[in-house]
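Enquirer: Sharing a structure here in structure tokens format.
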Amino acid sequence: MNNPIVIIPQPVSIRPGEGFFTIDDATTMFVSEGAGRVADLLERILGSKSVATAEPANITVTLVDEPIPAEGYRLTVTTEGISLIAPDEVGLLHGVQTLRQLLPPEMVNGRSGSARVPAVAIEDHPRFVWRGAHLDVGRRMFPVAFIKKFVDLLAFHKINVFHWHLTEDQGWRIEVDRYPRLAEISAWRSSTPIPGTTDSSDDEPYGGFYTKDEIRDVVAHAERLGVTVVPEIELPGHTVAVLAAYPELGCTGGDYSVRTTWGIEDDVFCAGKDSVFEFLEGVFEEVLDLFPGHYIHIGGDECPKVRWSQCPDCQRRIRDEGLADEHELQSWFIGRVGRHLHDKGRSIIGWDEILEGGLPPGAAVMSWRGTEGGIAAASQGHQVVMAPTSHCYFDYYQSADRNSEPPAFPNSLLALEKVYGFDPLGGVPPEQHLMVMGGQSNLWTEHVPSGEQAEYQQYPRGCAMAEALWSAMPSGGRDFTEFIDRLGLHQGRLDAMDVNYRHPTPDTPIGKPPTGNRPT
Ligand code: ACM
Ligand code: ZN
């Protein structure tokens with residue numbers, strides 16, 4: 001029986017060989033020094049056999065000084081054994097994820113008995129450095145075990161950025177020692193709309209937050225798998241939950257409450273009060289301590305200017321700083337926070353609204369309202385992540401037959417084929433290609449009441465996104481039919497990992513994507 005070689009995301013090159021190598025309890029393994037994370041993953045997947053300290057071994061995993069592109073690897077299986085090489089440890093981790101996919105699907109979580117691995121030579125490296133997946137935990141709270149499983153599945157698909165959207169109008173989810181009322185007040189709301197609606201009420205108190213230990217646990221878990229966690233702390237908008245706890249940080253001083261409906265909130269941080277920046281610097285001091293990655297996401301989207309236009313403090317700031325209007329005030333706000341984080345050795349990334357009124361130096365842009373913002377930012381010399389609603393919003397329905405689907409973002413549609421055709425460089429002038437770091441999926445959770453539902457929204461679209469971000473774009477475009485064939489086998493792995501994915505149907509209509517901005 002031929003074991004078909006099906007890898008998602010598709011590697012750069014696969015050359016099938018003859019025969020198999022069989023892994024069993026007698027198989028020996030060697031892993032280079034300096035690749036402890038790889039040894040851990042390999043032991044978990046291949047079984048109890050501990051990794052040897054010396055060659056020769058049946059399975060060798062070696063850091064090498066060879067011209068393999070960053071994060072790339074070479075995996076060679078013969079009837080005699082398995083060799084995995086890469087110039088960096090992350091490349092080796094990706095190689096182990098590929099090896100996992102060469103095992104029988106039911107062994108994807110760990111070998112039991114003997115496992116036949118088909119002979120093959122695989123060369124591989126990613127197309128983009130930023131292969132992301134965003135998850136909104138502000139609208140919903142998901143247990144740490146779920147978050148870790150979410151990250152496991154990202155790593156399995158070679159997605160290397162987990163964008164953790166931690167703060168929202170409807171809930172603040174990260175413990176900050178200096179500001180205990182964030183956990184006591186901002187993390188809790190009195191009710192939630194029924195999924196599929198925006199302003200009904202279930203009359204149930206809801207909330208929670210991640211303790212610092214829980215956050216450290218998630219970040220360390222992701223780090224072991226080569227996934228960087230990018231925290232998002234929203235500002236200046238999407239912050240009324242903070243104002244509910246610290247009303248002096250708003251323009252009017254209150255009354256504020258943690259929001260219980262979806263949509264955009266007018267009450268935002270006051271841009272005129274220095275205490276707001278003191279607060280943010282205090283929060284970021286603890287956030288930077290928890291998240292070692294280079295980028296810190298500061299939100300920046302959907303900030304109404306109505307309070308600022310009537311606030312004496314904000315108007316004074318506009319005059320004092322010589323700003324033209326409230327749009328430049330938003331830019332000034334982002335710039336002040338950006339400079340602070342830059343001084344701490346980090347860079348900010350924000351939604352494309354941070355372009356309004358001019359971008360601070362070094363800021364990266366996440367383009368969600370189409371790709372135009374990303375293209376404009378790239379032309380100004382800024383790095384860009386493409387996440388347009390048209391291809392990347394996983395809170396959208398997966399089928400035009402919405403009645404057959406669980407409630408999702410009203411009147412939306414993002415079918416699997418559309419995700420599969422995503423090209424972060426689409427429409428970007430060639431001279432700016434190097435500014436595009438990659439792309440990502442965004443899973444907003446207004447209509448996603450459970451982890452099960454989150455997995456349903458994420459998969460299999462996440463498989464298509466992984467391939468769009470990792471694999472080379474074939475000159476004729478991607479072949480969706482061929483992908484669907486591979487996905488058929490890959491589903492067995494998702495089953496083994498207990499993923500509640502949507503079963504794609506060959507006739508899932510593609511339909512037209514919604515037009516215009518996403519009205520949250
Ligand atoms: C967004 O969807 N408001 C970034
Ligand atoms: Zn103000």
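Enquirer: Can you pull out every residue in the range 1-34 that is part of a loop (DSSP other than H, G, I, E, B), open to solvent by less than 20 Å² (accessible area, probe 1.4 Å) and either under 13 Å from Ile82 (Cβ atoms) or hydroxyl-bearing (Ser, Thr, Tyr) (or both)?
Expert: Going through the range 1-34, the residues part of a loop (DSSP other than H, G, I, E, B) turn out to be 1-12, 24-28, 32-34.
Narrowing further to those that are open to solvent by less than 20 Å² (accessible area, probe 1.4 Å): 6-9, 11, 27, 32.
Those that are part of a loop (DSSP other than H, G, I, E, B), open to solvent by less than 20 Å² (accessible area, probe 1.4 Å) and either under 13 Å from Ile82 (Cβ atoms) or hydroxyl-bearing (Ser, Thr, Tyr) (or both): Thr27, Ser32.
Enquirer: With respect to the numbered conditions (1) within 20 Å of Ile348 (Cβ to Cβ); (2) in contact with a strand residue (DSSP E or B) (Cβ under 9 Å, 6 or more places away or on another chain); (3) within 16 Å of ligand 2 (Cβ to nearest atom), which one is the sole condition not fulfilled by Gly293?
Expert: Of the numbered conditions (1) within 20 Å of Ile348 (Cβ to Cβ); (2) in contact with a strand residue (DSSP E or B) (Cβ under 9 Å, 6 or more places away or on another chain); (3) within 16 Å of ligand 2 (Cβ to nearest atom), the odd one out for Gly293 is (3).
Enquirer: Restricting to the range 343-384, and then to whatever is more than 19 Å from Ser441 (Cβ to Cβ) and within 16 Å of ligand 1 (Cβ to nearest atom), can you tell me which residue is nearest to the chain's Cα centre (by Cα)?
Expert: Filtering first and then ranking leaves Ile348.
Enquirer: Search the range 192-207 for residues being in contact with a Gly (Cβ under 9 Å, 6 or more places away or on another chain) and part of a loop (DSSP other than H, G, I, E, B), and hand back the single one that is least open to solvent (accessible area, probe 1.4 Å). Write out each step before concluding.
Expert: Step one: of the range 192-207, the residues in contact with a Gly (Cβ under 9 Å, 6 or more places away or on another chain) are 198-199, 206-207.
Restricting the remaining residues to those that are part of a loop (DSSP other than H, G, I, E, B) gives 198-199.
Numbers: Thr198: 64, Asp199: 117 Å².
By that ranking, first place goes to Thr198.
Enquirer: Which residues, counting only those in the range 160-191, are out of contact with any Lys or Arg (no Cβ under 8 Å at 6 or more places or on another chain) and part of a loop (DSSP other than H, G, I, E, B)?
Expert: Arg173, Val176, Arg178, Tyr179, Pro180, Ser190, Ser191
Enquirer: Can you tell me which condition Arg307 does not meet? The list is (1) open to solvent by 40 Å² or more (accessible area, probe 1.4 Å); (2) at pLDDT 95 or above; (3) at positive phi, and all the others hold.
Expert: (3)
Enquirer: Any residue at all in the range 388-407 that's touching a Gly at 6+ places or on another chain (Cβ under 9 Å), at pLDDT 95 or above and either on the phi > 0 side of the Ramachandran plot or of a type in the set (A, V, I, L, M) (or both)?
Expert: No, because not a single residue in the range 388-407 is touching a Gly at 6+ places or on another chain (Cβ under 9 Å), at pLDDT 95 or above and either on the phi > 0 side of the Ramachandran plot or of a type in the set (A, V, I, L, M) (or both).
Enquirer: With the checklist (1) in contact (Cβ under 8 Å) with a residue 24 or more places away in the chain; (2) in contact with a helix residue (DSSP H, G or I) (Cβ under 8 Å, 6 or more places away or on another chain); (3) under 23 Å from Glu326 (Cβ atoms) in hand, flag the one item Tyr256 doesn't pass.
Expert: Condition (1) is where Tyr256 drops out.
Enquirer: Among the residues of the range 128-136, is there at least one that is in contact (Cβ under 8 Å) with a residue 40 or more places away in the chain, crowded, with 18+ Cβ neighbours inside 10 Å and aliphatic (A, V, I, L, M)? It would help to see each step written out before you state the result.
Expert: Our first condition is that a residue be in contact (Cβ under 8 Å) with a residue 40 or more places away in the chain; within the range 128-136, this holds for 128-136.
Then drop every residue that is not crowded, with 18+ Cβ neighbours inside 10 Å, which leaves 128, 130-136.
Checking which are aliphatic (A, V, I, L, M) leaves us with 133, 135.
Yes: the range 128-136 contains one or more residues that are in contact (Cβ under 8 Å) with a residue 40 or more places away in the chain, crowded, with 18+ Cβ neighbours inside 10 Å and aliphatic (A, V, I, L, M).
Enquirer: If Asp395 satisfies every condition in (1) more than 16 Å from ligand 1 (Cβ to nearest atom); (2) crowded, with 17+ Cβ neighbours inside 10 Å; (3) of a type in the set (Asp, Glu) but one, which is the exception?
Expert: (1)
Enquirer: Looking for something surrounded by fewer than 20 Cβ atoms within 10 Å (Cβ to Cβ), among the acidic types (Asp, Glu) and modelled with pLDDT under 95 - is there at least one such residue anywhere in the range 349-359? If you could, list the steps in order and put the result at the bottom.
Expert: Let us first name the residues in the range 349-359 that are surrounded by fewer than 20 Cβ atoms within 10 Å (Cβ to Cβ), namely 356-358.
Filter once more, so that each one left must be among the acidic types (Asp, Glu): 356.
After this cut, where a residue has to be modelled with pLDDT under 95 as well, the list is 356.
Within the range 349-359, one or more residues are surrounded by fewer than 20 Cβ atoms within 10 Å (Cβ to Cβ), among the acidic types (Asp, Glu) and modelled with pLDDT under 95.
Enquirer: Which one is surrounded by the fewest Cβ atoms within 10 Å (Cβ to Cβ), of the residues in the range 53-96 that are over 20 Å from His157 (Cα atoms) and in contact (Cβ under 8 Å) with a residue 60 or more places away in the chain?
Expert: Thr79
Enquirer: Quickly run through the range 401-446 and pick out the residues that are assigned to a helix (DSSP H, G or I), within 24 Å of Arg486 (Cα to Cα) and among the acidic types (Asp, Glu). Working first, answer last.
Expert: Step one: filter the range 401-446 for residues assigned to a helix (DSSP H, G or I), giving 402-404, 416-420, 430-435.
Narrowing further to those that are within 24 Å of Arg486 (Cα to Cα): 416-420.
Passing the criteria: only Glu417.
Enquirer: Anything in the range 300-333 that is within 16 Å of ligand 2 (Cβ to nearest atom), within 21 Å of Glu278 (Cβ to Cβ) and in contact (Cβ under 8 Å) with a residue 60 or more places away in the chain? List them, or say none.
Expert: Listed by number, the residues that qualify are Cys303, Cys311, Asp313, Cys314, Gln330, Trp332, Phe333.
Enquirer: Those residues that are within 14 Å of Val283 (Cα to Cα) and either in a strand (DSSP E or B) or hydrophobic (A, V, I, L, M, F, W, C) (or both), I need them from the range 225-242; list them, please. If you could, list the steps in order and put the result at the bottom.
Expert: Within the range 225-242, the subset within 14 Å of Val283 (Cα to Cα) is 231-236, 239, 242.
Result: Pro231, Glu232, Ile233, Glu234, Leu235, Val242.
The values are calculated or read from the model by the stated rules, or taken from the named source; none is laboratory data. Not measured: the values here are computed from a predicted model. Here the Cβ is made from the backbone with ideal geometry for all residues, glycine too, and neighbour counts use every protein chain on show. Just the protein is used for accessible areas: all its heavy atoms, side chains included, with ligands, DNA and RNA removed. Shrake-Rupley method; radii C 1.70, N 1.55, O 1.52, S 1.80 Å.
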